[in-house]
Amino acid sequence: MGPTGTDRGAPARGRREGPREMRSQGQAAWELLLPAAGAPARRRGRALQEALREAVRSGRLAAGTRLPSTRALAADLGVSRGLVTEAYEQLTAEGYLRSDRGAGTWVGGAARAAVPGARDLAAGEPGVRVDFRPGIPDLSLFPRSAWAAAQRSVLTRLPHPALGYPDPRGLPELREALAAMLARRRGVVADPERLVVCSGVAQASTLLGFVLRARGLRRVGIEDPGSPEHGRLFASTGLETVWLPLDEEGLRPGPLADSGVRAVVVTPSHQFPSGISWSAERRASLLDWARAVDGYVLEDDYDGDFRYDRAPVGALQGLDPERVAYTGSVSKSLAPGLRLGWMLVPEALLDEVVERKRTMDLGNPVLDQAVLAEFVRRGGYDRQLRRCQRAYRERRDALLAALAEHLPGTRVSGIAAGLHVIARVPARFGPPERFLARAAEAGVALRSLEEYGTARPADGDVRLVIGYAHLAPSAIGTGVRLVAEGCGRE
């Protein structure tokens, strides 16, 4: 007999002694089951199972505890014996309980307590009053009403078959909308058949890294200074990274040629973090190198739409779409939490990239893709870019004014573009370690340029990468003032 065999030796009907075995684990373990008895009739059985399962999992009913008979437990809880029998049978099948023929039902030893609660690994730095870390957009600018309208339109017209597994490259309608937009705004050669919708530039980088690794490449070059994230992403695919030095025009050709790499990651339109725009000569030199070594360039166009003093420089990919894999996303223009981006893939790599994308996740969520396609087609994306550009230009101006007022002599380099500036603070406000420590004490989060590469300055100037896009002009002024006041303390 199964769990119902535990009825041997049950107390006489009407006696309300309760389950002695469970009471030996403490009154709290028994009381944990009582709310289940008061659940609505349709949910009572499931509630009892959940309560008993949680009591075992949490350790409030320890392994080896003998449970009362189904008759006794049902009488004590005031529920039907069938509900208790079903609960015992279900938890025995799952491994929480064990049943010995003729010997009763016991708590098994397989369950372990889960880690309570859910941590937020995306939480910000504690104690920060003003956060000047770069790369953070203003999420309050997300166009909620326009996005909701696009969602309603999509849910109304999207046919049922479209909710199945998508083309791993992305919905055709989104690839067509993105290709047209990118060709118009960024000057790329945009064939919708070679556009792959990704979960941001991070996934695009790992996709390409896996493909290059399978082709025999072992190393990839990254800009110095540059984003350490590129190195971490390619390391996850088995590729080593080589830092390649920059000057004021872009990657230096000599070290690139001497490195022996056949793939590089670059940010030529607005180099991160130095803020330069590569010269035409260095762009041409990089492509000549790629053709000579039969190599590839991954262009990360992370904020190419945001130029404040003139029209943005076109993307590198437009000069040679067979050597350049172009990547971008909506992380800076809409929100990084959407996890939507794209990669225009050289023809020679396309099939391998698409197959890797298929095996990685079977494609991005259909509804999100359809909404973005609708948003782009309606002109909402262009309007959002204009809105962000106005706000970010104003905030950049506020930052320059605050630096001039509170940290006089500070020089800002790089083009007027993007979501951050490079600020060189005079040595009299340093040394750098003291400057950054004082800023942290004042509750201001700052990043030094030295965190983004291997080069170290010979002078005592403090070189900062200051993000401003997510801050109101008043907060920008407050943050710079707090830093200046902190530097004045002895």
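The values are calculated or read from the model by the stated rules, or taken from the named source; none is laboratory data. From a predicted model like this one, the values you see are computed outputs, not experimental measurements. Neighbour counts are summed over all protein chains in view; Cβ atoms, including those assigned to glycine, are modelled from backbone coordinates with ideal geometry. In case anyone asks, the SASA skips ligands and DNA or RNA and just uses the protein heavy atoms, side chains included. Shrake-Rupley method; radii C 1.70, N 1.55, O 1.52, S 1.80 Å.
Across the range 75-202, Cα pairs under 8 Å and at least six residues apart give a relative contact order of 11 percent. Of all DSSP bridge pairs formed entirely within the chain, close to 60 percent run antiparallel. Full extension of the chain between D167 and R129 gives 9.2 nm of extra length, using 0.36 nm per residue less the Cα-Cα distance.
Entry note, the range 152-206: relative contact order of 32 percent, from Cα contacts under 8 Å with a spacing of 6+ residues.
With the charge dipole of the chain set up from +1 on Lys and Arg Cβ and -1 on Asp and Glu Cβ about the Cα centre, the Cα lying farthest toward the positive end among the listed residues Y88, L208, L77 is that of L77. When I222, I415 are compared by accessible surface with a 1.4 Å probe, the order from highest to lowest is I415, I222.
The HN-Hα couplings worked out from phi for the range 223-236 by the Karplus form 6.51 cos²θ - 1.76 cosθ + 1.60 (θ = phi - 60°) are 5, 10, x, x, 7, x, 4, 4, x, 5, 5, 6, 4, 5 Hz, whole numbers, x standing for Gly and Pro. Rounded to the nearest 20 debye, the dipole magnitude of the chain is 2120 debye, with +1 charges on Lys and Arg beta carbons, -1 on Asp and Glu beta carbons, and the Cα centre as origin.
Helical runs assigned H by DSSP (4 residues or longer) give the chain a calculated mean residue ellipticity at 222 nm of -13000 deg cm²/dmol, each run adding -39500 (n - 2.57) before division by the residue total.
Here the calculated FRET efficiency for F142 and L34, from their Cβ-Cβ distance with R0 = 51 Å, stands at 0.65, rounded to the nearest 0.05. Between R213 and Q389, the FRET efficiency estimated from the beta carbon spacing at R0 = 41 angstrom works out to 0.60. Multiplying the residue separation of E347 and A292 by 0.36 nm and removing their Cα-Cα distance gives an extension gain of 18.0 nm. In the chain, a dipole from Cβ-located charges (positive for Lys and Arg, negative for Asp and Glu) runs towards its positive end, and of T478, P245, P225 it is T478 whose Cα lies farthest in that direction. Across the chain, Cα pairs under 8 Å and at least six residues apart give a relative contact order of 17 percent. In terms of packing, defined here as the mean over residues of other Cβ atoms within 10 angstrom, the peptides 37-43, 381-387 line up highest first as 381-387, 37-43. The alpha carbon centroids of the range 221-266 and the range 127-184 are separated by 30 Å. With a Förster radius of 25 Å applied to the beta-carbon distance between E451 and A280, the computed FRET efficiency rounds to 0.25. Spin-label pair R358-E441: with each label point 7 Å from Cα along the Cα-Cβ axis, the two points sit 6.1 nm from one another. A Cβ-based charge dipole, computed about the Cα centre of the range 194-273 with Lys and Arg at +1 and Asp and Glu at -1, lands at about 560 debye. In this structure the amide hydrogen of C198, modeled in the peptide plane, comes within under 5 Å of the amide hydrogens of G341, W342, M343, none closer than 5 places in sequence on its chain.
Ordering 274-286, 257-269 by mean Cβ neighbour count within 10 Å, with the highest value first, yields 257-269, 274-286.
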